[in-house]
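For reference, the structure discussed in these notes is given below.
The values are calculated or read from the model by the stated rules, or taken from the named source; none is laboratory data. Predicted model only: the values in this text are computed from it and were never measured. Note that each Cβ is placed from the backbone with ideal geometry, even for glycine, and that neighbours are counted across all protein chains shown. With ligands, DNA and RNA removed, areas are computed over all heavy atoms of the protein, side chains included. Shrake-Rupley method; radii C 1.70, N 1.55, O 1.52, S 1.80 Å.
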Amino acid sequence: TKVTIVEFSDFQCPFCKRAEPTVKGLLDKYGKEVALVWMNQPLPFHDHAMDAATAFQAAARQSSDKAWALHDKMYENNTALARTDIEGYAAGVGLDMKRFKKDWDDPKVKAAVEEDSKTGTALGANGTPTFFINGNQIVGAQDASAFQAVIDGQIKKADELLKKGTPMKDVYDKLMADNVANAPAPTAAAE
């Protein structure tokens, strides 16, 4: 993959919900050239954000496809994220509910979510959504054009590295090092 988008997001955040169609559109447009890494960043003032984040992680223990289906359901209904609501969405996407509830309450799942959040904070993802495209930060629910400009530039740089003989496995690391060293300050406010 030439470009990796790391997304720090909160299921209860209205701006994150607004960004989801943009992210899906980008993944569809760029196909195998772009990968998405999802990172939970439940904000403390969203009363159901942690439950939603841990539900997503618990679902992922069973099935990636069902976890993403739950992800979509929780965003579709992000003003209804009480535990009973989430249980209904989980059942609706076909998760094994006994296993899901056990995993949902596993302290290791919550610890993993907290680790995502700590990573985000350390990287400057202090609001949601925050995206890093090969290390280039985009904050907030921005238009696809803001993402496309960065992605197109990164694909061009990746192609130049490949043409010079850089192995594909090393392209991301080289782009990240360059991008982090030359990163501008974020330009938009998040929630």
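Here are some notes:
- For the range 87-135, a residue qualifies if it is touching a strand residue (DSSP E or B) at 6+ places or on another chain (Cβ under 9 Å), small (Gly, Ala, Ser) and closer than 19 Å to Leu43 by Cα, and the qualifying residues are Ala112, Ser117, Gly120, Gly124, Ala125, Gly127.
- Only one entry of Pro44, Pro14 meets the criterion of being without any contact (Cβ under 8 Å) to a residue 40 or more places away in the chain and of a type outside the set (A, V, I, L, M), and that entry is Pro44.
- Only one of Tyr75, Tyr30 that is over 16 Å from the mean Cα position of the chain (by Cα) and at pLDDT 95 or above: Tyr30
- Exactly one residue out of Val6, Val37 is open to solvent by 40 Å² or more (accessible area, probe 1.4 Å), under 30 Å from Asp159 (Cα atoms), part of a strand (DSSP E or B) and of a type in the set (Val, Ile, Thr): that is Val37.
- Any chance Lys24 is within 13 Å of the chain's Cα centre (by Cα) and part of a helix (DSSP H, G or I): yes
- Residue count for the range 58-71 under the criterion of being over 13 Å from Asp96 (Cβ atoms), touching a residue at least 12 places away in the same chain (Cβ under 8 Å) and open to solvent by 30 Å² or more (accessible area, probe 1.4 Å): the result is 1.
- Residue match in the range 70-81 (condition: assigned to a loop (DSSP other than H, G, I, E, B), among the hydrophobic types (A, V, I, L, M, F, W, C) and under 29 Å from Gln137 (Cα atoms)): yes
- From the list Phe147, Phe100, the lone residue that is under 21 Å from Glu20 (Cα atoms), touching a helix residue (DSSP H, G or I) at 6+ places or on another chain (Cβ under 9 Å), crowded, with 20+ Cβ neighbours inside 10 Å and not polar (S, T, N, Q) is Phe147.
- Near pairs, Cβ below 6 angstrom, 6+ apart or cross-chain, from the range 140-167 (of a type outside the set (Gly, Ala, Ser)) to any residue that is assigned to a loop (DSSP other than H, G, I, E, B) and surrounded by 15 or more Cβ atoms within 10 Å (Cβ to Cβ): Gln154/Asn134; Ile155/Lys2
- Check on His48, under 15 Å from the mean Cα position of the chain (by Cα) and buried (at least 18 other Cβ atoms within 10 Å of the Cβ): no
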